[in-house]
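The structure under discussion appears below in the form of structure tokens.
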Amino acid sequence: MWTKAHCSSCKPGSLINGSFEDDVEVGHQGFGWQIPGNINGLTLSVDTAEHEHGAKSLRIDFHGNADPQARLVSQLVVVEPGGRYRLSIQAMTKSFVSAARPVVRLVDASDEKLTALGESLIAADAVGWQPYVISFAAGPNTRAVRLIVSRENCPEISCGAFGTLWLDSIRLVESAGER
């Protein structure tokens, strides 16, 4: 129902606003980008100065003791049960320092344990925009996945993070192959 009312061109396996060209609403629930409004130690913004494609990117500035387990940004995506997919993302970091690097995970939205279907760590010291690809298969009962940007598990109790992460050109495509 949501698709018919808000995104008639969206099909299973389609991300919404993958290049952050449209407005992103903090605290939004449902489909589209979900950005919590209550994460300490972070500033999230749409950046028009740095972008890999288009005119904007998502900028995440880390200012200290941000919870490494916090979802920084996520999106719920409808998929075909048993479908095979490939997520591509462009990311860039600047002066990122932490024992817990940024990570992009895909999980079955109905799995309360949030077991990863696939994930990719973002390099903390990469120069310029870098491509990352995650290939995954939806389970036979998987009807939606959640793309989650967070940080990897931290080896220390106190796990500060400083620096900047940009995300852009996030695309999900169905891979060729049998189900």
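Overview of results
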| item | result |
| --- | --- |
| Unmet requirement for Gly64, which otherwise passes all of (1) buried (at least 17 other Cβ atoms within 10 Å of the Cβ); (2) more than 21 Å from Ala144 (Cβ to Cβ) | (1) |
| Checklist (1) under 17 Å from Ser14 (Cβ atoms); (2) in contact with a Lys or Arg (Cβ under 8 Å, 6 or more places away or on another chain); (3) buried (at least 21 other Cβ atoms within 10 Å of the Cβ) applied to Tyr85, failing item | (2) |
| Residue within the stretch 154-170 that is under 16 Å from Gln75 (Cα atoms) and of a type outside the set (A, V, I, L, M, F, W, C) present | yes |
| Contacts under 7 angstrom Cβ, first residue in the stretch 44-73 being free of Cβ contacts under 8 Å to residues at least 24 places away in the same chain, partner surrounded by fewer than 18 Cβ atoms within 10 Å (Cβ to Cβ), 6 or more apart | Thr48/Ala55 |
| Meets criteria (surrounded by fewer than 16 Cβ atoms within 10 Å (Cβ to Cβ) and farther than 13 Å from Leu15 by Cβ) for Pro131 | yes |
| Residue in the stretch 147-168 that is surrounded by fewer than 16 Cβ atoms within 10 Å (Cβ to Cβ), touching a residue at least 12 places away in the same chain (Cβ under 8 Å) and on the phi > 0 side of the Ramachandran plot present | no |
| Enumeration of residues in the stretch 32-43 that are in a strand (DSSP E or B) and either closer than 21 Å to Arg171 by Cα or in contact (Cβ under 8 Å) with a residue 24 or more places away in the chain (or both) | Gly32, Trp33, Gln34, Ile35, Leu42 |
| Wholly enclosed strands (runs of 3 or more DSSP E) of the stretch 105-179 bearing at least 1 residues more than 11 Å from the chain's Cα centre (by Cα), more than 15 Å from Arg86 (Cβ to Cβ) and modelled with pLDDT of 95 or more | 116-121, 130-137, 161-174 |
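The values are calculated or read from the model by the stated rules, or taken from the named source; none is laboratory data. None of these values were measured; they are calculated from a predicted model. Note that each Cβ is placed from the backbone with ideal geometry, even for glycine, and that neighbours are counted across all protein chains shown.
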